[in-house]
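This report concerns only the one structure given below.
What follows is calculated from the coordinates using simple rules that are stated; it is not laboratory data. This one's a predicted model, so the numbers in the text were calculated from it and none came from an experiment. All Cβ positions, even for glycine, are placed from backbone atoms using ideal geometry, and neighbour counts span all protein chains on display.
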Amino acid sequence: MDSKGSIMSDLSSVRPVVEAKGLIKTFGRVVGLNSANLELYPGEVLAVIGDNGAGKSTLIKCISGAETPDSGQILIDGNEVSFKSSLDARAFGIETVYQTLAVAPALDIASNLYLGREKRKSGILGSVFRKLDHSGMRTTAKEQMTKLGIGTLQDMSQAVETLSGGQRQAVSVARAEAFGSKVVILDEPTAALGVRESNQVLKMIELMRDRGLPIILISHNMPQVFEVADRIHVQRLGSRAAVVTPQTHTMNDAVAIMTGALKVDEKDQALGPVRVPASA
């Protein structure tokens, strides 16, 4: 079997990590999702794009537990799940970095990385006196930052309020990567960042993907989407209009699909995996 045939054989056995089937979500008379579908495969970056009001945020909130769909199914590794809150999704290894950064400015980098999941000292100091293991958290925080190639942050005791916007975003992404054992969802991670800081975040996304962690990327920045995405899910009027790749369609095509000017036959869409997972 040639290399192309071998790759196709590998891809045929890949199953979705996360799957949304026929999700419906209404807000009064407003339809947020109208039988929306989505598949996320291992080790890929799936970009979700669409106009304002297309249902991107609602779809992601349902997958991350922030919203509960009125009907439809969400499956993790083929098993149906029901999330009542973001904590439920976290328990399944789904971490989300929202556009509004959820950081505590007055706390240091290590404390933000472990926000809500603080490590306690071993023995009686932790179990009885509930002392936090600040030294241990700073050590593992430094390791996490190094792993993601964030060399600009060296002092884990530095207060987050002293960091730049890009550095704060790096802390949020590093926290999601540290605890997102299954999926990391990034909502406009480069919004309001400069070119250099945006490139740093994109590099982090590629590093996470290359280590086999699947990522859902919501973004309005089309050049960045086409730079890092393996597949592009186009959301329109509450449902999936098409799934394409940067190799098969252009940015202009993607915009045309978003606006309804271009229809893509199902046979021409990238509904299945296009990337062999790192572990494969």
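Take 178-190, 209-221 and order them by the average number of nearby Cβ atoms within 10 Å per residue, most first; the result is 178-190, 209-221. Secondary structure note: in the chain, about 60% of the DSSP beta bridges are antiparallel. Hydrophobic, long helices, defined as DSSP H runs whose alpha-carbon span along the helix axis is 15 Å or greater and whose mean Kyte-Doolittle value is at least -1.0, occur in the chain at 165-179, 195-210. Once backbone amide H atoms are built at 1.01 Å from N, E44 has I215 as its partners under 5 Å, excluding neighbours fewer than 5 places away on the same chain. Bridge orientation summary for segment 138-280: considering DSSP beta bridges with both residues in this region, about 55 percent are antiparallel. Note on the chain: helix-only mean residue ellipticity at 222 nm, from DSSP H runs of 4+ residues weighted -39500 (n - 2.57) and normalised by residue number, equals -10000 deg cm²/dmol. Comparing Cα centroids, segment 49-123 and segment 137-185 end up 17 angstrom apart. Proximity of backbone amide H atoms, modeled 1.01 Å from N, is registered between K119 and D133 at under 5 Å, excluding neighbours fewer than 5 places apart on the same chain. Of the peptides 105-114, 246-255, 126-135, the ranking by mean beta-carbon count within 10 Å, highest at the top, reads 105-114, 246-255, 126-135.
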